[in-house]
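What follows is a single structure, written as structure tokens, with notes after it.
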Amino acid sequence: MSTEITKQQEIDIESKYQIKDEIDHILDRSGMYIGSSAADIIEYNLYKPSDNKIVKVPNVPYYAGLIKLIDEVLTNSVDEYRRGLVGKALFKINEIKVFVGTDGTVIVEDNGGIPVKRHSQTGLYVPEMIFGHLRTSSNYNDNEERTVIGTNGLGAKLTNVFSKEFIVETSDGKNSCYIKWSNNMKNVDKPIINSSNKHFTKTTFKFDLDRFELTEIPMAVIRIIQKKCIDACGANIGLVIKFESDIAEGKLNSNWQFNNFKEYVSLYLSDDQLKNTLDYTSSSGKDNIILVPSIGFNFGFVNGGECSKGTHIKKLSLQITKKILEICKDKEMELITEKDILNRISIFVSTTIYNPTYNSQTKEELTNRIDVNRLNFSKEFLESLKDSEIFKQLEDYYNVKYAAEKKKELRKLNAAIKNTKTDKLIKCSSSKKEENELWIFEGTSASNGFRSKANPQHQAAYLLRGKILNAFNLNRAQILENRELREIVAICQLQFESPKQNLKSIPFSKLIIASDADVDGSHIAGLILSFILKHFPEIIKAGMLYRSLSPIVIVTMKDKTKKYYYTQEEFEQDFKDGKIKNYLDINYCKGLGSLEDDDYSIMLHQQKLVRFKYEDIGDFQSTEIWFSKSTEQRKELMMLDSLGDETDEF
């Protein structure tokens, strides 16, 4: 068989393996850079001039790529406005003019200016470099705290690439510069430089609409760009944007400026909704947040650009849901979920994030890890949630959705508890609860020792079958599906949501957890503690829950007496000090199963107990960190613990 490559194979290889320059790659793979070039039919918020409101409009043709390209040039001017606020711009911009024509012509002009000088490294005039060469930017210094939208050095160059013609005119107060590109940025005329005492930047471009299979810019796109202009003013208080187009007989032509963030948000809300907002501004003034009973969506700005998804929204939502869940617990509304809360609240936020990162060039979702000191509601603000219209509406929802369901469920669950029988209980004979104890043992190996040495009148025992479930995040029905948990509740004659009755009916004055003095034993004790804390906190508040300390070393002396050690340090110190002499045996206890009957007598009658306390909500929150579903706090604590001795003081 011949191994020579045929002529056809050579042709196939040539067509399969290609090199594209950057411009052709952008044009041929536009989705990577600007999103879809086709229209998606979506629901979108647009300005309705007759009502002077922003309203949700169905079936809007959304050309993501086309809109992104116009927004990139608008963003350049907005970013320059923000730089001017902190003294990092050549001129302070306070006004932007935007025109969008149906023939594909777009003009964006501001009263700033770009330095008209040659760049020392490239030899190019600065305007030519930043508008006509890919991956050039003023935002590349990651050691500088950037509070603008641009990040990657593509931006307006992408608009140039998708334009038949792209013209930049700018003046820096000394000189003016006129540059014209054509043919998708592949051709550029020599810059025209003149003397000028003006300052401005004007960008005029005409889209290559064939790339989007369009003959003109649709009305929907023009209305969306008007909304983008309104948004830019809402996120940048004081900025003026004048918008014009050649459609709807000038009805969309409008001037925009806002005195505060709430004035912008009011465009979305009715008069009644405006009365029920919760407004928060951080002490730094960098975070403006408004909460309102749900209008169906959240809306956010990051550094002056729209960004309604991501870590900023998640951090705010987490604080809100955590606080409202606490309020719900206090009001015995435990069936309310995070989803219930988030479905009934809308968040408007305008925030400044240093050096923002996003999920893509379209900047729809913020990915920064938010600094621990940023986007934090004050304690007073969170407390105000319980008296807000947001919570009142949640209560109304609960009373309709959950109240009847909760009563029915409680009756069913409490009946199941009463009917529970167990063969793992070693009973005591006395009915005097103030003298009775229930010992909850890890495993069945303690059975013989307990039976032979316990006080049969006042000491009862329940023998666990290994580890119990982590019940912190289980609902009550799931708890009762677990045999051990159901039997413990039944033995203690407890009922869900009956704290006063439980303290009367429980037949014991002490519940004592007896588990091995190792990691597994501590885990079991923690699981029981968290279960009782979450569902029957009155037991802990009444001081009835204990953990028995079991010895980890037992030294048998020659006179047959025994010394019990409950810490390794205590044993080693006595051994070092010569206090352990004339011994027959040293038993390093592997757990309760290694104890002899006499050892159980010491445990039961010379008790070494740790009593659990519940002083305030902080105790519950600490337990929640460790036994709730995965939490950021737990991850951070585990990472700190892994650092070793340096974190002991923390």
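The values are calculated or read from the model by the stated rules, or taken from the named source; none is laboratory data. Keep in mind that this is a model prediction, so the values were computed, not measured. Please note: Cβ atoms are built from the backbone with ideal geometry, for glycine as well, and neighbour counts cover all protein chains shown. With ligands, DNA and RNA removed, areas are computed over all heavy atoms of the protein, side chains included. Shrake-Rupley method; radii C 1.70, N 1.55, O 1.52, S 1.80 Å.
Of note:
- Per-region count, region 432-448, residues of a type outside the set (Val, Ile, Thr) and touching a Leu at 6+ places or on another chain (Cβ under 9 Å): 9
- Within region 172-220, the set of residues being open to solvent by 50 Å² or more (accessible area, probe 1.4 Å), more than 14 Å from Val116 (Cα to Cα) and under 47 Å from the mean Cα position of the chain (by Cα) comprises Lys180, Asn183, Lys186, Asn187, Val188, Lys206, Asp210, Arg211, Glu213, Thr215, Glu216, Met219.
- Selection over region 403-419 of residues that are touching a residue at least 12 places away in the same chain (Cβ under 8 Å) and of a type in the set (A, V, I, L, M) gives a count of 4.
- Exactly one residue out of Val302, Val240 is touching a His at 6+ places or on another chain (Cβ under 7 Å) and either within 22 Å of Pro356 (Cβ to Cβ) or touching a residue at least 24 places away in the same chain (Cβ under 8 Å) (or both): that is Val302.
- Sole exception among (1) part of a helix (DSSP H, G or I); (2) among the charged types (D, E, K, R); (3) modelled with pLDDT of 95 or more for Lys242, by number: (1)
- Among the residues making up region 324-345, those that are open to solvent by 80 Å² or more (accessible area, probe 1.4 Å) and either within 11 Å of Leu394 (Cβ to Cβ) or touching a Pro at 6+ places or on another chain (Cβ under 9 Å) (or both) are Lys331, Asn343.
- The listed residue being open to solvent by less than 60 Å² (accessible area, probe 1.4 Å), at pLDDT below 95 and outside any helix (DSSP H, G or I), out of Asn139, Asn152, Asn143: Asn139
- Only one entry in Arg374, Arg369 is exposed (fewer than 11 other Cβ atoms within 10 Å of the Cβ), of a type outside the set (Asp, Glu), in contact (Cβ under 8 Å) with a residue 24 or more places away in the chain and within 30 Å of His312 (Cβ to Cβ), namely Arg369.
- Residue count for region 246-274 under the criterion of being open to solvent by less than 60 Å² (accessible area, probe 1.4 Å), out of contact with any Gly (no Cβ under 7 Å at 6 or more places or on another chain), in contact (Cβ under 8 Å) with a residue 12 or more places away in the chain and not in a helix (DSSP H, G or I): the result is 5.
- Breaking point among (1) crowded, with 16+ Cβ neighbours inside 10 Å; (2) modelled with pLDDT of 85 or more, for Ser429: (1)
- Ser37 passes every criterion in (1) of a type outside the set (Asp, Glu); (2) assigned to a loop (DSSP other than H, G, I, E, B); (3) farther than 21 Å from Leu134 by Cβ apart from (3).
- Residues of region 549-584 satisfying the condition of being touching a Lys or Arg at 6+ places or on another chain (Cβ under 6 Å), hydrophobic (A, V, I, L, M, F, W, C) and at pLDDT below 85: Leu584
- Residue selection: Asp396 fails the criterion of being of a type outside the set (S, T, N, Q), farther than 23 Å from Val610 by Cα and in a loop (DSSP other than H, G, I, E, B).
- Cross-chain or 6+ apart pairs with Cβ under 7 Å, region 420-432 first and in contact (Cβ under 8 Å) with a residue 60 or more places away in the chain, then open to solvent by 30 Å² or more (accessible area, probe 1.4 Å) and not hydrophobic (A, V, I, L, M, F, W, C): Thr420/Arg486
- Tally of residues being open to solvent by less than 10 Å² (accessible area, probe 1.4 Å), closer than 30 Å to Ile225 by Cα and without any contact (Cβ under 8 Å) to a residue 60 or more places away in the chain across region 306-323: 2
- Residues that are in contact (Cβ under 8 Å) with a residue 24 or more places away in the chain and among the charged types (D, E, K, R), drawn from region 279-295: Lys286, Asp287
- Once region 41-57 is narrowed to residues that are open to solvent by 80 Å² or more (accessible area, probe 1.4 Å) and not in a loop (DSSP other than H, G, I, E, B), the residue that is farthest from Ser308 (Cα to Cα) is Lys48.
- Restricting attention to region 432-456, the residues that are surrounded by fewer than 13 Cβ atoms within 10 Å (Cβ to Cβ) and modelled with pLDDT of 85 or more add up to 4.
- Where a residue in region 84-100 is over 16 Å from Thr170 (Cβ atoms) and its partner, wherever it lies, is aliphatic (A, V, I, L, M) and assigned to a loop (DSSP other than H, G, I, E, B), with Cβ under 7 Å and at least six apart: Asn94/Leu239; Val100/Ile217
- Scoring Thr277 on the criteria (1) touching an Asp or Glu at 6+ places or on another chain (Cβ under 7 Å); (2) modelled with pLDDT of 95 or more leaves a single failure, condition (1).
- Residue match in region 283-305 (condition: within 20 Å of Ile224 (Cα to Cα), assigned to a loop (DSSP other than H, G, I, E, B), open to solvent by less than 30 Å² (accessible area, probe 1.4 Å) and modelled with pLDDT of 95 or more): no
- Condition check for Phe391: in a helix (DSSP H, G or I) and touching a strand residue (DSSP E or B) at 6+ places or on another chain (Cβ under 6 Å): no
Yes/no matrix, rows are residues, columns are (1) farther than 25 Å from His605 by Cα; (2) among the aromatic types (Phe, Trp, Tyr):
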| site | (1), (2) |
| --- | --- |
| Gln495 | yes, no |
| Pro499 | yes, no |
| Ser509 | no, no |
| Asp518 | no, no |
| Gly526 | no, no |
| Phe536 | yes, yes |
| Ile540 | no, no |
| Gly543 | no, no |
| Ser548 | no, no |
